[in-house]
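Throughout, read-outs are computed from the coordinates displayed, never taken from laboratory work. None of the values given here were measured: they were computed from a predicted structure. Glycine also receives a Cβ, built like all others from the backbone with ideal geometry; neighbour counts cover every protein chain displayed.
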2 protein chains.
Amino acid sequence: MAKSLPPNYAELCKLLYDAATLNAVGSLLNWDQETYMPPAGAGNRADQNAMIAEMIHAKRTSARVGELIASCEQDDEVTGDAVRAANVREMRRDFDMATKLPGDLVAELAKVGSQSQEAWKEARAKSDFAMFRPWLEKMMNLTRRKAECYGTPVGGELYDALLDEYEPGMRCAKVDAIFGPLRERLSGLIADVSRSKKKISTKCLTGKVDARVQNEFGHEVLRAIGFDLNAGRLDVTTHPFCSGFGPGDVRLTTRYRDEKFTDALYGTMHEAGHGMYEQGLAKEKFFGQPIADAISLGIHESQSRMWENFVGRSREFWVWALPRAKKAFGKTLAGVDVKTMYAAVNTAQPSFIRVEADESTYNLHIMLRYGLEREMIAGDLKIKDLPGEWNKRFEKSLGLKVPDDRRGCLQDVHWSFGLVGYFATYTLGNLYAAQFWEKINKDIKDLPSRIGKGDFAPLLAWLRKRIHQYGKRYRAGELCELVTGKPLSSDALLRHLEGKVRPIYEV
Amino acid sequence: MAKSLPPNYAELCKLLYDAATLNAVGSLLNWDQETYMPPAGAGNRADQNAMIAEMIHAKRTSARVGELIASCEQDDEVTGDAVRAANVREMRRDFDMATKLPGDLVAELAKVGSQSQEAWKEARAKSDFAMFRPWLEKMMNLTRRKAECYGTPVGGELYDALLDEYEPGMRCAKVDAIFGPLRERLSGLIADVSRSKKKISTKCLTGKVDARVQNEFGHEVLRAIGFDLNAGRLDVTTHPFCSGFGPGDVRLTTRYRDEKFTDALYGTMHEAGHGMYEQGLAKEKFFGQPIADAISLGIHESQSRMWENFVGRSREFWVWALPRAKKAFGKTLAGVDVKTMYAAVNTAQPSFIRVEADESTYNLHIMLRYGLEREMIAGDLKIKDLPGEWNKRFEKSLGLKVPDDRRGCLQDVHWSFGLVGYFATYTLGNLYAAQFWEKINKDIKDLPSRIGKGDFAPLLAWLRKRIHQYGKRYRAGELCELVTGKPLSSDALLRHLEGKVRPIYEV
């Protein structure tokens, strides 16, 4: 970029910096609500959330921002520069989407969402869907109103408007075309595994490890893979997440189970993948601008899945990590070798909880939610019928009877505060990750042996250079082709899963 | 109050509720900066603070708020009701003070204060005054500008404008009249103690106790004395504080030293005193209104000092607490009896750090700061001369040579973010506490024996009824006379300190 910015462009960037700064405040409120806020603070916190959400909305949709975008679109000094042009293209998209939502709807989504999330926590603890149902109805109605404000994309359905919010340009039709073969081949794989005589022991994962010890080990892994703890932190919540607040402040959360340390370990690596993406964005210079913002949730998820599954479940990772885990955990892992650990973390066995599901069955959990929420938005599925439908389809897809709603439709936080259109991006993330991973291994020939030595720096450097630094300069599909030379398909993910699971189960 | 509020009054209360809610957001930003924010987040956090501070200021000083206050002042339905009238009286004061400050000054105080606080942290750690000096100069200049905006009270000095902000109605002349005899008699007491042959052992306080164990014991004490952990919490910071965010959310902090558990214990009880005052205010119903807000810092401090010193350093408190501490700390307190513990926590020995000072010498620390900051504001003391003056006066007043600025003029956070006019309220708090305490013991005859049994409920109930529930309905001096029948003087505090210290030292 030239040294001095065109004044209209500079003013626009300043206004959006302010909006992003206020958004960082809103993120802190949410993070605090999940981590440290005392329960009795929930009432006023809901008002705080509503107030801040309304102010952010006002800043992003001000008439002045609209005027400046329009003037930048006509300004050769802006459109003639690839980075500025990309910025203005995405500012236009954000502005148009935001101005379609009335301020009172935004405030209501935030306020009711905050209360609904509190209700969900209690309902989940008690496995009591009836307690959550009125809140879910409110949130689905508000979300449908949001989709109607965005408008149904041409040739699509209402739900596409929600999908597009999280994965710009993505449509149900495209998703179905990729999910179709994925579902078919994965079902086949799971069926083959279920017929295998090979039994994989996961005993090595179930030794008791104190939460405090796990937390220290988690921090050791974070430091090794390159998450910057001077510009981020790790805390404990019911539902793990990553919150990128502002420049220099990216927060991860995880949860500890004494009797299965890999839950928290992979949760931590997963969120760290998100966190390192946030830390790799050019926020110090361009905070508030699309080029310092993540492309899409799918690409975000590709980063978390890569560290969790492609790195963390590899044989080479355990070559490095196992001696360290043994040292940290005392006797718990005595006698365990890399081969045993590698097999144990790569089982393909249906289970109830999405966030604890293995890498292969995980995508079946996602497709279930994707289908259900699409029907709830379309009005084809009534909220009262959700638990029944969930349980029926779960059994059909994964072969297990859901024992209670805590392990069924109450397990995820997303719907409680209106995250609809979001779940599909988890599997899109797996697909992007697999396609990137094949390319990375072509570019860094000795990657496996480097990982075995705990040298994760070349991988992080590749991601920084090929993905992170661009922010929203390209759309997700465009970046995928630019980096891998091919449009997104299910091929790489299926090669990855089948290439790992079939040898382990000898099927 | 009548069932339906006059509409202008109702609208005013709503606008101030919104301002208070935004203020709670600002408090969370500050709390987070002290507790959990990663260091690299400081830059954007400064912008967040500035932005929120400016918005709060705008809400509190809006033309509409001014119109509504003026109309309420003319409305018999408001002025005819004692509570509403008190509310409007204090709203007028707040509005007039706030409108005297230009928005850019408020924003600059918040932004520079945030950066300056970071600089102070580093300077303190390195005991490097030169590193902090430019920031202190900036903050003192900004604070002087603030005082000039408020204006020098008639017959007073510029510094009175700052004092009045924290202790409404208080003036240097009044302070001097109370501090004078206090200083004289305290100096006499300390001199007598220094000539005493009686040596008090504090060995029982210096056994090693792990921070985690101290933290658990601190929580046990909090629960016992009545701090509501469902509506509050306790964390760790460099400088302990209490932050009352909003209804149901009051946060305390403390710091742990392995080798002196009473530091954190009394720090926790002190902040809990503040916290229980905040929890006793009528915030659920009247948040944002003066009648749900603390009267003054002096009264606030009277609550913290009461729990820390009048309860926590009493013989009866240790009758209850010692067996519990022995159980929690293992062998550390083996063989220690109540008499030994009582004497050890009531020594009167000059030391360097204010927050670790004993109850008697503490007030000499305060008077030092009160004098220095008054002269810095008047321009009679140059910032560059602060360390030298501090050390000279400290030696004169407390008889010790200050070894480094970390233990001298860099020890307190206050000045780093512009808290000037504040220190005097600590000693005012001790004075109020002593005067209240004599009255409480007249009203609750068996209070000592109840404390010995761990029954703190009657004391908290008394405080709730006679002090907390009123909020700002009365001014501090008025409440003091209402509750104790006498204006504030140094008599009760001197009776308390001399009545305790002289027998211990046999002087």
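For the peptide B:246-254, the mean number of other protein chain Cβ atoms found within 10 angstrom of a residue's Cβ is 5. Among the GluC sites (Glu not before Pro) in region B:190-285, those located in a DSSP loop and surrounded by at most 11 other Cβ atoms within 10 Å of their own Cβ are B:Glu259.
Per residue, how big is the convex hull of region B:243-350 when only Cα atoms are used? Give it in Å³.
In region B:243-350, the Cα hull volume divided by residue count equals 126 Å³.
What the pair-distance distribution of region B:320-434 shows, using all Cα-Cα distances binned every 10 Å from zero, is 12, 36, 26, 18, 7, 1 percent.
Specify whether the C-alpha gyration tensor of region B:118-202 places it in the rounded, prolate or oblate class, a ≥ b ≥ c being the square roots of the eigenvalues: rounded for a/c under 1.5, otherwise prolate if a/b is larger than b/c and oblate if not. The shape class here is oblate. Name the longest site-free stretch of chain B, where the excluded sites are trypsin sites (Lys or Arg not before Pro) in a DSSP loop with no more than 13 other beta-carbon atoms within 10 Å. The longest such stretch corresponds to B:4-196.
Report the gain in length on full extension from A:Asp128 to A:Glu478: 0.36 nm times residue separation, minus Cα-Cα distance, nm rounded to one decimal.
Working: separation 350, 0.36 × 350 = 126.00 nm, distance 4.41 nm.
Result for the pair: 121.6 nm of gain on full extension.
Compactness of region A:106-165 is given as radius of gyration and Dmax, 13.7, 43 Å, from Cα positions. Counting only alpha carbon atoms, the long axis of helix B:261-280 and the longest principal axis of chain B meet at about 30°. Charge dipole of the protein assembly as shown (Cα centre as origin; +1 on each Lys and Arg Cβ, -1 on each Asp and Glu Cβ, all else neutral): 3360 debye, rounded to the nearest 20.
Name all residues of region B:433-452 having a backbone nitrogen under 12 Å from the label point set 7 Å from the Cα of B:Ala82 along its Cα→Cβ direction, giving them as ranges. Nothing falls inside the zone, counting backbone N under 12 Å. Estimated purely from DSSP H runs of n ≥ 4, each contributing -39500 (n - 2.57), the mean residue ellipticity at 222 nm for chain A is -20500 deg cm²/dmol once divided by its residues. When only the Cβ of Lys, Arg, Asp and Glu is charged (+1, +1, -1, -1), the dipole of region B:7-99 relative to its Cα centre reaches about 200 debye.
Loop-located GluC sites (Glu not before Pro) across region A:398-507 with a Cβ neighbour count of 13 or fewer within 10 Å are A:Glu506, with loop assigned by DSSP. Under the simplified labelling scheme, the A:Lys100-A:Arg185 pair shows an inter-label distance of 3.4 nm, with each label point 7 Å from Cα along Cα→Cβ. Taking every residue in B:228-240 and counting other chain Cβ atoms within 10 Å of its Cβ, the average works out to 2.
Given R0 = 22 Å, the distance between the Cβ atoms of A:Lys465 and A:Ala224 translates into a calculated FRET efficiency of 0.60. With distances taken between every two different alpha-carbon atoms, region B:405-507 has a Kirkwood hydrodynamic radius of 16.2 Å.
Inverting the mean 1/r over all pairs of different Cα atoms, compute the Kirkwood radius of region A:180-295 and quote it in Å.
Computed over region A:180-295, the radius equals 16.5 Å.
Does anyone have the angle between helix A:172-194 and the longest principal axis of chain A? Alpha-carbon axes, 0 to 90°, nearest 10? With rounding to tens, the tilt is 10 degrees.
For region B:328-466, with only Lys/Arg (+1) and Asp/Glu (-1) charged at the beta-carbon, what is the dipole magnitude about the Cα centre, in debye rounded to 20?
380 debye
Volume per residue of the convex hull around the Cα atoms, evaluated for region B:1-114, comes out as 104 Å³.
Starting from the alpha-carbon convex hull of region A:172-505, give the projected area averaged over all orientations, in nm². Before the final figure, lay out the partial values.
Values: hull surface 66.2 nm².
For region A:172-505, the mean projected area of the Cα convex hull comes to 16.5 nm².
Simple rule: put +1 on each Lys or Arg Cβ and -1 on each Asp or Glu Cβ in the protein assembly as shown, find the dipole, and look at A:Leu162, A:Val507, A:Asn391; the Cα lying farthest toward the positive end is A:Val507. Percentage of Cα-Cα pair distances in the protein assembly as shown greater than 42 Å, rounded to whole percent? Summing the P(r) tail past 42 Å for the protein assembly as shown gives 45 percent.
Averaging 1/r over each pair of different alpha-carbon atoms in region B:141-244 and inverting the result gives 19.1 Å, the Kirkwood hydrodynamic radius.
For chain A, the longest principal axis of the alpha carbon atoms and the long axis of helix A:457-466 meet at an angle near 30°. Rounded to the nearest whole angstrom, the semi-axes of the ellipsoid equivalent to region A:189-248, taken from the Cα gyration tensor as √(5λ), stand at 34, 17, 12, largest first.
If you take the beta carbon distance between A:Arg89 and B:Glu506 as r and set R0 to 60 Å, what does 1/(1 + (r/R0)^6) give as a FRET efficiency, to the nearest 0.05?
Values: r = 84 Å, r/R0 = 1.39.
Using R0 = 60 Å, I get an efficiency of 0.10.
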